[in-house]
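The values are calculated or read from the model by the stated rules, or taken from the named source; none is laboratory data. Remember, it's a predicted structure, so these values are computed and weren't measured experimentally. Positions of Cβ are backbone-derived with ideal geometry, glycine not excepted, and every protein chain shown enters the neighbour counts.
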């Protein structure tokens, strides 16, 4: 990827003031902070006795640096400020969303839905999207279902975590 491709938005909506672009090394500290903020907000929904931290590495710069090199890592900006991020692993027509985060100040404003749509636009060859979200995260379930994802599986609670996961999938029309 050349310098121009790295800095240019891949999807933008001038009316909303949003753009999705590849994340850059200089974004990482801000992306780590965003990830921490998102998982801290989720803590209030966890069941009693559940592990209170976020996923391994969500709060560590070295992990985000690694993810920048092994996933398609995107930053979502609103009028020049990072308000969201997404990490996607693509293999042919299959994509797995490893993380999507929206700042708490931007939640409920359509940023997350716009990001999902922007990812679909940016990756038109993907026909099957998958992701997992914690079983206690009811607002996440509603969010993904509102955006066309269907529940495929519910895992049993993991003893070390104290919760299980909902596995979601979305099939895209083949063009």
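Pull up region 46-59, narrow it to residues that are touching a residue at least 24 places away in the same chain (Cβ under 8 Å) and touching a helix residue (DSSP H, G or I) at 6+ places or on another chain (Cβ under 7 Å), then point me to the one that is nearest to residue 89 (Cα to Cα). Looking at residues that are touching a residue at least 24 places away in the same chain (Cβ under 8 Å) and touching a helix residue (DSSP H, G or I) at 6+ places or on another chain (Cβ under 7 Å), I get 58.
Filtering region 127-142 to residues that are touching a helix residue (DSSP H, G or I) at 6+ places or on another chain (Cβ under 8 Å) and surrounded by fewer than 19 Cβ atoms within 10 Å (Cβ to Cβ) leaves only 137. Just the residues that are buried (at least 17 other Cβ atoms within 10 Å of the Cβ) and under 13 Å from residue 18 (Cβ atoms), please, taken from region 107-121. Once the filter is applied, which keeps residues that are buried (at least 17 other Cβ atoms within 10 Å of the Cβ) and under 13 Å from residue 18 (Cβ atoms), region 107-121 yields 111, 112, 114, 115, 116, 118, 119. Considering only residues in region 102-111 that are in contact with a strand residue (DSSP E or B) (Cβ under 6 Å, 6 or more places away or on another chain) and in a helix (DSSP H, G or I), the one that is farthest from residue 74 (Cα to Cα) turns out to be 106. If you filter region 12-35 down to residues that are part of a loop (DSSP other than H, G, I, E, B) and under 18 Å from the mean Cα position of the chain (by Cα), you find that the one that is farthest from residue 87 (Cα to Cα) is 24. Condition check for residue 122 on (1) in contact (Cβ under 8 Å) with a residue 40 or more places away in the chain; (2) under 11 Å from the mean Cα position of the chain (by Cα): one failure, at (2). Exactly one of (1) in a strand (DSSP E or B); (2) touching a residue at least 24 places away in the same chain (Cβ under 8 Å); (3) within 29 Å of residue 161 (Cα to Cα) is unmet by residue 77. Its number? Condition not satisfied by residue 77: (3).
Filtered by the rule that a residue be within 15 Å of residue 103 (Cβ to Cβ) and touching a helix residue (DSSP H, G or I) at 6+ places or on another chain (Cβ under 7 Å), region 24-43 gives 29, 31, 32, 37, 41.
Please find, among 114, 129, the residue that is in a strand (DSSP E or B), farther than 20 Å from residue 58 by Cβ, at pLDDT 95 or above and under 13 Å from the mean Cα position of the chain (by Cα).
Result: 129 is the single residue among 114, 129 that is in a strand (DSSP E or B), farther than 20 Å from residue 58 by Cβ, at pLDDT 95 or above and under 13 Å from the mean Cα position of the chain (by Cα).
Looking at 52, 87, just one residue is under 18 Å from residue 165 (Cβ atoms) and either in a helix (DSSP H, G or I) or over 15 Å from the mean Cα position of the chain (by Cα) (or both), and that residue is 52. Any residue at all in region 151-160 that is exposed (fewer than 14 other Cβ atoms within 10 Å of the Cβ), over 19 Å from residue 88 (Cα atoms) and touching a residue at least 40 places away in the same chain (Cβ under 8 Å)? Yes, because at least one residue in region 151-160 is exposed (fewer than 14 other Cβ atoms within 10 Å of the Cβ), over 19 Å from residue 88 (Cα atoms) and touching a residue at least 40 places away in the same chain (Cβ under 8 Å).
Please verify whether residue 78 is touching a strand residue (DSSP E or B) at 6+ places or on another chain (Cβ under 8 Å), closer than 23 Å to residue 132 by Cβ and surrounded by 15 or more Cβ atoms within 10 Å (Cβ to Cβ), treating the condition exactly as stated. Working first, answer last.
Working: touching a strand residue (DSSP E or B) at 6+ places or on another chain (Cβ under 8 Å): yes; closer than 23 Å to residue 132 by Cβ: no; surrounded by 15 or more Cβ atoms within 10 Å (Cβ to Cβ): yes.
When the stated conditions are applied, residue 78 does not pass them.
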